[in-house]
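Derivation of every value follows stated rules applied to the coordinates shown; laboratory data play no part. All values reported here derive from a predicted model rather than from experimental measurement. A quick note on method: Cβ atoms are made from the backbone with ideal geometry, for glycine too, and the neighbour counts reach across all protein chains shown.
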Amino acid sequence: MITTIILLLLISLLTWFWFDTLKSRERAKNICKQSCRELKLQLLDDTIALIRIRLKRNNHGKLIVQRLYQFEFDDGNNQRQTGRILMRGISLEMLEMPGYMDRIIQPI
C-alpha cells in the first residue's frame, strides 16, 4: 500500500517535471525568436538545447527549477553565433547574445 502511494507520487512528480520542462523550453524558444527578430537576426535550426538544470530560490525563498539553454543564431554574414538563455521556472532570468546583447537580466 505505501509503496503504491510512493510510486504514484513519484510518477506524479516526474509528470509535473516533464510538463514544466516543456513549458519552460517553449517559453525560452519564443523569447529567443522574438529577440532575434527584433535584432534582425535569424534563429538557426529553430531549436534550443538544454545545458543545465538546477534548483534555485526565488526572491520569496521558494525553490524553483532553473534551466540554462543554448541556441545558435545567424548575424546575416553566414556566421553562427551561440547565445544562452537562463530561465527560472518559466520566467526569463538572463539572455546572452555575444556581440548583440551581452546580458539582459529581468527581475523575476
| task | Would you confirm whether any residue within segment 91-104 is crowded, with 16+ Cβ neighbours inside 10 Å, β-branched (V, I, T) and outside any loop (DSSP other than H, G, I, E, B)? | result | no
| request: Counting only residues that are aromatic (F, W, Y) and within 23 Å of G99 (Cβ to Cβ), give me the strands (runs of 3 or more DSSP E) lying completely in segment 1-88 with at least 1 of them. | output: 63-74
| task | Among the residues of segment 1-26, write down those that are charged (D, E, K, R) and in contact with a strand residue (DSSP E or B) (Cβ under 7 Å, 6 or more places away or on another chain). | result | D20, R25
| Can you name the residue in segment 60-71 that is in contact (Cβ under 8 Å) with a residue 12 or more places away in the chain and over 13 Å from A28 (Cα atoms) and, of all such residues, is surrounded by the fewest Cβ atoms within 10 Å (Cβ to Cβ)? | V65
| Which of the residues that make up segment 22-52 are touching a Gly at 6+ places or on another chain (Cβ under 9 Å) and on the phi > 0 side of the Ramachandran plot? | K40
